[in-house]
Structure formats: structure tokens, C-alpha cells
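Single-structure report; data block below.
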Amino acid sequence: MPVTRPRDSQWMSPTGRQGDSCGQRGGFPGTLAREKGDKPIWEQIGSSFIQHYYQLFDNDRTQLGAIYIDASCLTWEGQQFQGKAAIVELSSLPFQKIQHSITAQDYQPTPDSCIISMVVGQLKADEDPIMGFHQMFLLKNISDAWVCTNDMFRLALHNFG
Amino acid sequence: MRKKDFKTYVDQACRAAEEFVSIYYDTMDKRRQALTRLYLDKATLIWNGNIVSGLDALNNFFDMLPSSEFQVNMLDCQPVHEQATQSQTTILVVTSGTVKFDGNKQHYFNQNFLLTAQSTPNNTVWKIASDCFRFQDWASS
């Protein structure tokens, strides 16, 4: 959808991706070059994971179990699930088709080298009307693979924008 | 560490989260100058895509942000499993609701926190390590 920039203060007109830094840089592990155009590593890993996740979800959600581990926690519309097996039950959610569209995504490294990501977007399931959603992931590197240890999903049910 | 079953673990995390969230938004609305006490020194906030990193920057940012009226409608929370004994207890919290900043129209918002426990002999204090805030409906504003 077209993005118009309101004539408002910087803080009230958000950027779609992480924008220029403001203030001091924190002490993130492995500080990287932040020249314009260079995305920090956590953003590269995060956005690549997210892209993969929604692609799986939209095309074959039976494959989703692979990105979680036994200790993973998933909260889906307030329901708590634990472990790979429980999460695989998501593949039996009551819709045939689903399509996600990401409006904005944010990534941050954590003090212990995980990556938190927040996604805001819209989705359409079967012939239902388009709905907003919001999802948060915590990604961890285990044996050289990035897996999701925590996942929280909510529909923006109040929002018909 | 004693073994707790999953549900107990989650319940405890959620109680801590609810308490923290209540304090956070109350402080944000009514005692803004005290807000950065809830953040770790090296905490980072991403505010509608803008990065604010470290206490000095956070202090400047919250000082500049117009006064607010938050209403939280939803809260989700999860404990983060940490296997190493040195790791601090961590919980993830997601909130959503509405906010009105002075001089701006009301927005739906979503916010994520990564909270870390700081244990003193008397109690446990939670502080924000990472914070991410976005309007849900910014594209249409």
C-alpha cells in the first residue's frame, strides 16, 4: 500500500525498516559497520528467517515444526503451546489458504546473542476479510542453525485499517 | 534450580509481566521522568523504526516525547528457557492497545519487551533489556 509521510515529528511517522540510529550506540556484541546501506547482521538473519517462516506458513505449514525445538514456546491468540509436537498442531488450523503480508519488521540483538523480531502486517485466510496481525519471535543459534524458541501471535481484531 | 512444570513456570512469568506492564505504562503516563529507571543501562528501544540506544539517548528521547495516555488491551508473555546457570531469568512480553500522544491522534500500538531479572537479597527487580514499539495502523495515519 502507498506510504505517505505525514508532516509530523520524526517519532510519529515511523519508518518501515529500522532507520537511522539516534543517540549513542549500545554495546552490542560484535558491533558492525553501520554505514548507510549496511544492514547489521541481526537484521539480515532476522529478515531472512521471517521471510522463510511466512513462506512456509503460507505454502506448507506442515513444515513449520522444523524451525522450533522441544523447548520452544508458542502463544497463538492467547493459547500456550510448548515443544515441537504441540506447535505442529498449528498445521491443523481451520483454514485452507492463508497469505501474510508484512507491513513492518524490527530486529534487535539480545545480550546473549539471540535475535528478537517484531512483525506487524496483514493476513487473509480463505475468503475471510483481511485482518491485521502482530507477531514476535525470539531466535537462537543452536549448532549453527537459527531456530525459534519463542513465538507470540495475535490478530489485530480491533483494527479494520 | 527446582523443576517446575511448564504451566507454573508460565504463570509465574505472566504475573511478573502483568505487574511490570502496569508499572511501566503508569510511569510513562504519569511520571515520565522516572521511566528510564525501568531500563538496563545498555537497553535499546526501537520506536516506530527509530533506534534509541543506551540510557542517555533514552532519557533524551522520553523527555522529548509528548505526554501520553496509554490503554493496554492485551498482554501475552512467555518465559525464555535459559540453560546456562549464569544466564539471567528472562521473560518476553507483548502488549497492545491504544495510545494518545499530546498533539497527535489516537493510535493502536504494539510493544514488545525483553525483561531481565535483577535479583537483590530482598526481591527481584525486572528491567527492560530490549523494547520495540510500533503503531499498528501507521500506514493509514
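The values are calculated or read from the model by the stated rules, or taken from the named source; none is laboratory data. Keep in mind that what you see is a predicted model, and the values were worked out from it rather than measured. So basically every Cβ, Gly included, is an ideal-geometry build from the backbone, and we count neighbours across all protein chains shown. All accessible areas refer to the heavy atoms of the entire protein, side chains included, with ligands and DNA or RNA removed. Shrake-Rupley method; radii C 1.70, N 1.55, O 1.52, S 1.80 Å.
Taking the range B:95-141, which residues are within 8 Å of chain A (Cβ to nearest Cβ), under 15 Å from B:Phe70 (Cα atoms) and touching a Lys or Arg at 6+ places or on another chain (Cβ under 7 Å)?
B:Ser96, B:Asn110
Among B:Leu35, B:Leu75, B:Leu92, which is closer than 23 Å to B:Cys14 by Cα, more than 7 Å from every other protein chain (Cβ to nearest Cβ) and not in a helix (DSSP H, G or I)?
B:Leu75
Going by the structure shown, is B:Val21 of a type outside the set (Ser, Thr, Tyr) and farther than 25 Å from B:Asp137 by Cβ?
The answer is no for B:Val21.
Tally up the residues in the range A:50-71 that are open to solvent by 20 Å² or more (accessible area, probe 1.4 Å) and within 20 Å of A:Val120 (Cα to Cα), please.
7
Looking at A:Ser113, A:Ser92, A:Ser72 in this structure, which one is at pLDDT below 95 and at positive phi?
A:Ser113
Can A:Gly46 be described as over 28 Å from B:Ile46 (Cα atoms) and either part of a helix (DSSP H, G or I) or at pLDDT 90 or above (or both)?
no
Go through the range B:33-62 and report how many residues are without any contact (Cβ under 8 Å) to a residue 40 or more places away in the chain and open to solvent by less than 40 Å² (accessible area, probe 1.4 Å).
12
Evaluate the range A:75-95: report whether one residue or more is among the hydroxyl-bearing types (Ser, Thr, Tyr) and crowded, with 20+ Cβ neighbours inside 10 Å.
Yes, the range A:75-95 has at least one match.
Select, from B:Phe62, B:Phe20, the only residue that is of a type in the set (Phe, Trp, Tyr), in contact with a helix residue (DSSP H, G or I) (Cβ under 7 Å, 6 or more places away or on another chain) and assigned to a helix (DSSP H, G or I).
Exactly one residue qualifies, and that residue is B:Phe62.
Please work out if A:Asn141 is assigned to a strand (DSSP E or B), more than 11 Å from chain B (Cβ to nearest Cβ) and either open to solvent by less than 10 Å² (accessible area, probe 1.4 Å) or farther than 18 Å from A:Leu56 by Cα (or both).
When the stated conditions are applied, A:Asn141 passes them.
For A:Gln99, state whether it is part of a strand (DSSP E or B), open to solvent by 60 Å² or more (accessible area, probe 1.4 Å) and away from chain B (no Cβ under 14 Å).
Criteria met by A:Gln99.
Can you tell me which residue in the range A:123-138 is farthest from the chain's Cα centre (by Cα), limited to those that are open to solvent by 10 Å² or more (accessible area, probe 1.4 Å) and more than 16 Å from A:Glu77 (Cβ to Cβ)?
A:Glu127
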